[in-house]
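**Student:** Below are the structure tokens for one structure; questions will follow.
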Amino acid sequence: MTTRDQKTMLDLARAIDTFTTQDLTALGVSPQFFAAQQKVLPGPMCLGAADRILSALPPKGGRVIIATGFPMGAGVPETDGPVGAAFLARALYRAVGAQTVIVTDEGWENVVGAACIGAGISPQPLRSGGVREEHYLRQVFIRTVPRDRAESHAVGERILDDIDPHLMIAVERPGKNEMGRYHGMNGRTLEGWVADLDHMFEKARERGITILGVGDGGNELGMGLIQDAVLRVLPQARSCGCGCGGGTAAVTPADFLVVSCVSNWGCTGIIAALALTLGRMDIMHEPEWEQRAIELTANAGGVDGGSLSPVPAVDGIPALEWAGLVRAMRGMVRRGMDIGADWRTILQSEMKA
């Protein structure tokens, strides 16, 4: 790679990070979390995540576990998380043929499955014995975990044994605080509504498996990597008010962390970086698919975190707007990869022809 190519790559990587961390939800936290992430992991964020992913997986194939699903009121999952996980699973398959198992809570398989269908991959229940590739099916496996803490620990360890993954990813997945409790970003307790998947990730770390986290509120699994910043930025991170004696800040760290205004959008940034790294636009999905995935997820009962209703939106941003954002991201990456030569040289060649 020439010096000029390296500069183009770096410029695009920075543009992806800037786009991914724009404060689209107007909460004011994503720029601060990004600054904290850069102190711990300086350099391109999404490109760094893509590099960690490709380093963890074999050149062809590999097995990935993605944990997702965040409960809103009465334990109903939100649209943020499943959609990003589904498109990330698709991208990993397109990139290296990796097989992905999406782990979520019992009763949420329909919501996660709908997101996968929207992303253009076929959800299949995980059978005993692990993943089995069907060469004529673009598949993703779904495995549910009970909410009882002891049972979730046992099932999580069994999943690790069955899958023996090369990589673990948490996408908008609740992360426990220092008291071992789970909370929404505003401090509401999630006790009884969510399985303890931190345990599975802790066991994965003991096995030396790479862990990647994607989050937006400081209370997600993996965000423990910047816990000090979360405690500083959000008052509820220090004191949730639910009576547990802790706050909302997650304590379990990822090996590499991607922060964004919305976790789904962080996944899009990683996907864009994978496309950039491998020089393949087919790794990125079409904008219409993003809209379709959000709509199908809402139709299956997933709720928008902004309106708390099963409407086609994510964190208050409508599906149509998300499609536009994906279109802009795709265009930016495509232009960056196509301008391998100076545009003036290209123009001169066309004029001579």
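**Student:** Rounding to the nearest 10 and keeping the result within 0 to 90°, find how far the Cα-based axis of helix 149-163 lies from the longest principal axis of the chain.
**Tutor:** 40 degrees
**Student:** Set the Förster distance to 51 Å, then compute FRET efficiency between Arg149 and Asp23 from the Cβ-Cβ distance, nearest 0.05. Present the calculation step by step, with values, prior to reporting the outcome.
**Tutor:** Details: r = 35 Å, r/R0 = 0.69.
Efficiency at R0 = 51 Å is approximately 0.90.
**Student:** Once you place label points 7 Å from the Cα toward the Cβ at Val76 and Glu134, how far apart are they in nm?
**Tutor:** A separation of 3.1 nm, rounded to one decimal place.
**Student:** Using a cut-off of 15 Å between alpha-carbon atoms, which aspartates and glutamates can reach Lys39, once sequence neighbours fewer than 8 places away in the same chain are excluded?
**Tutor:** Within the straight-line limit of under 15 Å, Lys39 reaches these aspartates and glutamates: Asp17, Asp228, Asp255.
**Student:** In nm, what is the difference between 0.36 nm times the number of residues separating Arg334 and Asp161 and their Cα-Cα distance?
**Tutor:** Taking Arg334 through Asp161 to full extension adds about 58.3 nm, to one decimal.
**Student:** If we count other beta carbons within 10 Å of each Cβ, what is the order of Phe201, Phe19, fewest first? List each step's numbers first, then the result.
**Tutor:** Details: Phe201 26, Phe19 21.
Fewest-to-most ranking of Phe201, Phe19: Phe19, Phe201.
**Student:** If you take the square roots of the eigenvalues of the alpha-carbon gyration tensor of region 38-141 and sort them as a ≥ b ≥ c, do you get rounded (a/c under 1.5), prolate (a/b over b/c) or oblate?
**Tutor:** Working: a/c = 2.05, a/b = 1.13, b/c = 1.82.
Oblate, since a/c reaches 1.5 and b/c is not below a/b.
**Student:** Please name which of Pro287, Met329, Thr25 has its Cα lying farthest along the dipole of the chain towards the positive end, using unit charges on Cβ (Lys, Arg +1; Asp, Glu -1) and the Cα centre as origin.
**Tutor:** Met329
Bear in mind that the values in this text are calculations on the coordinates, not laboratory data. This structure is a prediction, so every number in the text was calculated from the model and none was measured. As a convention, Cβ positions derive from the backbone with ideal geometry for all residues, glycine included, and neighbour counts pool all protein chains shown.
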